[in-house]
Amino acid sequence: MAVPVFRFAPSPNGFLHLGHALSALMNFEMARRMRGRFLLRIEDIDRTRCRPEFEAAIYEDLAWLGIEWEEPVRRQSDHMDAYRAALERLEAQGLLYPSFESRAEIARLVAERERTAGPWPRDPDGAPLYPGRAFAMDEAERRRRIAAGESYALRLRMGAAIARAGPLSWRETGAGPAGETGEIAAAPAAWGDVVLARKETPTSYHLAVVVDDAAQGVTHVVRGQDLFAATSIHRLLQALLGFAAPQYRHHRLVLGADGRKLSKSTKATALRELRAQGVTPAEIRRLIALG
């Protein structure tokens, strides 16, 4: 029987908070109970927001919580060639195309369509589905614009990708936001022609996490319910790239006083601040209701 492999994969774009503590401790303790392996991965593809001091703080905070991980730690910035190779495999299947609209141009296109046709469809995260028609652009025009140095996003031809992969599902041992559990039917169409890379960065979160999990042999993905819907994209990419599907467990989120999930962007109290206030690791466990 294969050894279970778990991972905790934070981004060094801010300090860890109680939500990260819950996810890291769940992964670490499940790996220990199942006599498996626990890996730490640094998701640092966003070079504009990721900083060395945040990465150093991740190691410090996890060690303070009593978490141990295998070395060496995988850092995404060291594996850009692997993401490019995955994109090339998708390109060879005819499943990618570049779009050249800026975010502002996409917002304008959506506004125009909503003025005439009502609400434009949104993905599960609330972002509008791609409204452009770059998929129909002449190939020579695409090459000309790329050669001219224009910015672009590489998008997945969702309809063609779904047709190639066929029906997909995943085994859910936790629960989705509405209590979904068991065998879950994947619904990647809800995301539209999702971005898998940009000119400046040869990967997106969705592509990188699938490539990384496969490369590291991850068998159990344990993460927050906010990523439940994204699992549909990940299952689609796994099928298209020939990767095995891990087992998934989406756990509850740690909420703030306003009822919203904790996040770095809302300046959630960092673990290092709680530690400075004299909070102990045992008290952290009580704060996140982890028995």
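FYI, it's all coordinate maths here, none of it is from the lab. Every value quoted in this text rests on a predicted model; they were computed, and no experiment measured them. FYI the Cβ positions are ideal-geometry reconstructions off the backbone, even for glycines, and counts take in every protein chain you see.
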Of the residues in region 1-46, those that are within 16 Å of the chain's Cα centre (by Cα) and not hydrophobic (A, V, I, L, M, F, W, C) come to Arg7, Pro10, Ser11, Pro12, Asn13, Gly19, His20, Ser23, Arg41, Glu43, Asp44, Asp46
Of the residues in region 79-113, those that are loosely packed, with under 12 Cβ neighbours inside 10 Å and within 16 Å of Asp212 (Cβ to Cβ) number 1
- prompt: Quick check, is Ala127 out of contact with any His (no Cβ under 7 Å at 6 or more places or on another chain) and either closer than 27 Å to Ala229 by Cβ or surrounded by 13 or more Cβ atoms within 10 Å (Cβ to Cβ) (or both)?
  reply: yes
In region 16-36, anything surrounded by fewer than 19 Cβ atoms within 10 Å (Cβ to Cβ) and not in a helix (DSSP H, G or I) is listed as Met34, Arg35, Gly36
For helices (runs of 4 or more DSSP H) lying entirely in region 200-291, having 3 or more residues that are surrounded by 18 or more Cβ atoms within 10 Å (Cβ to Cβ), touching a residue at least 60 places away in the same chain (Cβ under 8 Å) and touching a Leu at 6+ places or on another chain (Cβ under 7 Å) picks out 231-241
Within region 174-193, restricting to residues that are touching a helix residue (DSSP H, G or I) at 6+ places or on another chain (Cβ under 8 Å), free of Cβ contacts under 8 Å to residues at least 60 places away in the same chain and in a loop (DSSP other than H, G, I, E, B), the one that is surrounded by the fewest Cβ atoms within 10 Å (Cβ to Cβ) is Pro177
Pro167 fails exactly one of (1) surrounded by 11 or more Cβ atoms within 10 Å (Cβ to Cβ); (2) of a type outside the set (Asp, Glu); (3) under 12 Å from Ser232 (Cβ atoms), namely (1)
